[in-house]
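Single-structure report; data block below.
The values are calculated or read from the model by the stated rules, or taken from the named source; none is laboratory data. No experiment lies behind these values; they were computed from the predicted model shown. Glycine gets a Cβ as well: all are built from the backbone with ideal geometry, and neighbour counts include every protein chain shown. These area figures cover heavy atoms from the full protein model, side chains too; ligands, DNA and RNA do not enter into them. Shrake-Rupley method; radii C 1.70, N 1.55, O 1.52, S 1.80 Å.
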Amino acid sequence: MTQEKWGLLRNKLLKAIGRNNFTTWIEPLEFQELQDGVAVFSVPTNFMGNYVSQNFADLILYELNTSGETVQRLAFRVAANSPVRPTQVTDSSPKATPEVAVVPQMDNPQSPLDSLQAAPLDSRFTFDSFVVGKPNELAHAAARRVSEGGPVTFNPLVLYGGVGLGKTHLMHAIAWELKTKHPELNVLYLSAEQFMYRFVQALRERRMMDFKHLFRSVDVLMVDDVQFIAGKDSTQEEFFHTFNALVDQNKQIIISADRAPGEIKDLEDRVKSRLQCGLVVDLHPTDYELRLGILQNKVQQYRSTYPDLTITDGVLEFLAHRISTNVRVLEGALTRLFAFASLVGREIDMELTQDCLADVLRASERKISVEEIQRKVSDYYNIRLSDIIGPKRLRSYARPRQVAMYLCKQLTSRSLPEIGRRFGGRDHTTVMHGVRRIEELKVTDGQIAEDVEMLRRSLEA
């Protein structure tokens with residue numbers, strides 16, 4: 001059987017067992033040879049070979065035989081130079097239960113990144129495709145430094161931030177860079193969920209030594225979304241011991257989370273402490289300039305796919321302004337826009353953008369609160385928040401208070417009585433007077449007009 005045929009069979013297995021099972025159990029299998037009815041595969045660990053034997057061998061044998069090959073049994077070996085010693089034989093009849101011989105693992109395996117990789121790497125997520133801006137420049141620089149290999153300067157590197165800010169992109173980029181520049185390194189990238197899943201399976205199959213050996217023999221351990229193990233005591237304990245063992249060996253650990261380690265609820269204090277002992281970097285929410293850069297980069301990528309499409313001035317600026325919470329939503333909106341425009345044969349202008357993305361634009365409208373406006377105005381005028389809300393009627397407090405009331409009326413759906421209650425229990429007529437006064441001053445006082453516009457942009461950014 002050729003490698004090409006095994007590749008086709010892998011696609012059939014993917015459809016049969018689903019993406020998660022395929023990624024964890026089938027993708028790491030490497031076909032070695034088919035001789036005398038024995039299909040030989042190499043695997044990273046004994047545990048993986050036993051698990052595949054018990055759960056997927058029937059399906060693999062069936063697919064092999066229906067593809068025209070004659071296979072009676074499967075055999076796994078852990079290292080490329082280990083001898084294959086199949087201990088039990090099964091025929092290929094559908095009723096037979098296949099047995100798989102797993103050769104004991106070598107003491108110091110040197111597996112390539114792909115064979116250890118428990119989660120697939122996205123080829124789009126490289127450093128070249130990562131758009132750097134002020135909110136993410138420190139995280140990008142730290143990721144670049146780690147991807148160079150060499151002496152470990154900070155351990156662990158923890159990247160944290162909200163959804164769609166680039167954590168996973170940087171994790172994949174580090175793995176790709178290490179794979180390219182240092183193929184001799186054992187790099188293991190997986191999600192915290194997959195770490196827990198492997199741990200539970202090892203417990204069930206009584207293969208904890210294989211589990212420990214796999215995770216303690218890597219040169220670089222990368223765990224995505226570590227907040228997933230919070231509240232799972234046994235998994236946290238094993239993660240803690242794995243962490244310590246790798247640090248003691250001066251191996252690099254890279255972690256991502258959706259918030260700072262100290263803010264992850266139900267994460268043990270000792271795990272928090274270990275995560276905080278390295279470099280902890282925050283990926284801040286994107287600003288307008290970064291979002292616009294991301295869109296411009298995506299447009300360049302789409303040029304090869306949609307060479308005839310034109311996009312009018314102002315569309316990218318509009319999207320960068322309106323979709324501010326999530327980069328994935330921003331990129332998805334642009335993808336939909338290009339696909340829709342190509343199908344209907346129109347240029348991408350503002351009218352088509354608003355029609356095509358009406359639901360996305362509605363969902364992306366940021367809800368601005370009265371409290372947020374009050375804080376922003378007090379900071380802008382350098383006065384205390386209590387003075388905005390309080391009873392003082394000095395002009396230095398009254399004018400900012402009226403500006404805040406005006407912005408609350410313009411940017412929120414709160415009624416005038418509700419706004420009045422948020423401003424120290426004032427009557428709605430006071431709010432009406434404040435709103436009218438600012439409307440008048442915007443026409444006659446250029447400074448007030450500029451202040452209001454600056455605050456509005458800041459709140460909507």
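Summary table below
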item	result
Candidates per trypsin sites (Lys or Arg not before Pro) in the stretch 140-214, loop by DSSP, up to 14 other Cβ within 10 Å	ARG206
Length added when fully stretched, SER413-ASP427, from 0.36 nm per residue minus Cα-Cα	3.3 nm
TYR197 versus MET1: modelled label distance in nm, points set 7 Å from Cα along the beta carbon direction	2.3
Residue-normalised accessible area of the chain, expressed per residue, 1.4 Å probe, Å²	49
D_trans [Stokes-Einstein, Kirkwood Rh over alpha-carbon pairs] for the stretch 273-392, 20 °C, 1.002 mPa s, µm² s⁻¹	124
Centre separation in Å (Cα based) which lies between the stretch 305-323 and the stretch 229-291	38
With Cα atoms, 0 to 90° folded angle of helix 446-460 axis to the chain main axis	20
Potential extension, VAL344-ARG362 segment - 0.36 nm per residue separation minus Cα distance	4.2 nm
Where VAL43, VAL280 fall by accessible area, highest first, once all protein chains stay in place (1.4 Å)	VAL280, VAL43
Efficiency of FRET between VAL329 and ASP36 - r from beta-carbon atoms, R0 60 angstrom, step 0.05	0.60
Matching label, Cα Rg over 2.2 N^0.38 Å computed from the structure shown, candidates (i) 1.29; (ii) 1.69; (iii) 0.90	(i)
Violating pairs (Cα-Cα greater than 32 angstrom) within the set LYS265/LYS392; LYS272/LYS409; LYS134/LYS272; LYS251/LYS298; LYS232/LYS298	LYS265/LYS392; LYS272/LYS409; LYS251/LYS298; LYS232/LYS298
Carbon plus sulfur fraction of accessible area for the chain, probe 1.4 Å, in percent	49
Label-to-label distance, nm, for residues given as LEU394 and ASP269 (7 Å Cα→Cβ offset)	4.6
Length released on extending from GLU205 to ARG336, taking residue separation times 0.36 nm less the Cα-Cα span	42.6 nm
